[in-house]
1. Provide a single number: the residues in segment 106-146 that are open to solvent by 40 Å² or more (accessible area, probe 1.4 Å) and in contact (Cβ under 8 Å) with a residue 60 or more places away in the chain.
2. With (1) surrounded by fewer than 17 Cβ atoms within 10 Å (Cβ to Cβ); (2) among the acidic types (Asp, Glu); (3) within 19 Å of the chain's Cα centre (by Cα) as the list, and GLU151 as the residue in question, which single condition is left unmet?
3. Out of segment 1-19, which residues are surrounded by 10 or more Cβ atoms within 10 Å (Cβ to Cβ) and part of a helix (DSSP H, G or I)?
4. I'm told THR78 meets every condition in (1) open to solvent by 70 Å² or more (accessible area, probe 1.4 Å); (2) over 16 Å from the mean Cα position of the chain (by Cα) except one. Can you identify the failing condition by its number?
5. Can you list the strands (runs of 3 or more DSSP E) lying wholly within segment 66-170 that have 3 or more residues being of a type in the set (Phe, Trp, Tyr)?
Amino acid sequence: ENKNEYVKYMIDYLTQNSIEYQNHNFFDGFDSLIPYNYIKIFTPNELDLIISGISLIDVEDIKRNTEYEYPYSSDSPTVVLFFNCIKKWNQNDLEKLINFITGSPKVPFNGFQHYKNIGIPLKIQSGGEKKWLPTSHTCFNILSLPEYETEDELNFKFHQAFCDDSFNLQ
């Protein structure tokens, strides 16, 4: 007879009452770091963007905010090939690339300019011979890009580098 009422009470218990103590402590801890008065002006979506970053990756924003180390420049054939190639990638592959370079699959709140503002801009440096996989230095946002000559070669080598489980974003 009271099946619906029982289900309602179980849902309330499992989603609220059973974790009330943990929620209370979480909110107290969060409030000690960022007082509610400072964040109440934001909508949930705005707060999510501030905390998590932007999920859409704009290749032109990456290009505008990337610096180069000798012998590379924005006009180097390998760099031009790299940007032409990643423009064709889907968002999932771009997330893997950003995670590969920066250690985070999300774009900062104010785009890739953020990395310049904090003193660790995205950089592309020589990665050696084309037979090597690309490597990165996530603490410094540096991509070591070997001198690939074709899109197929570049795609293959990057996707091979992404096969490492540490770059799976599931």
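The values are calculated or read from the model by the stated rules, or taken from the named source; none is laboratory data. Everything numeric in this text was worked out from a predicted model, so none of it was measured. As a convention, Cβ positions derive from the backbone with ideal geometry for all residues, glycine included, and neighbour counts pool all protein chains shown. When the accessible area is computed, the model is the full protein with side chains, heavy atoms only, and any ligands, DNA or RNA have been set aside. Shrake-Rupley method; radii C 1.70, N 1.55, O 1.52, S 1.80 Å.
1. Matching residues across segment 106-146 total 1.
2. Only one criterion is unmet by GLU151, namely (3).
3. Taking segment 1-19 first, the residues surrounded by 10 or more Cβ atoms within 10 Å (Cβ to Cβ) are 6-14, 16-19.
Hits for segment 1-19 are TYR6, VAL7, LYS8, TYR9, MET10, ILE11, ASP12, TYR13, LEU14, ASN17, SER18, ILE19.
4. For THR78, the failing item is (1).
5. Working: elements: 66-68, 122-126, 135-137, 142-145.
Ranges flagged: none.
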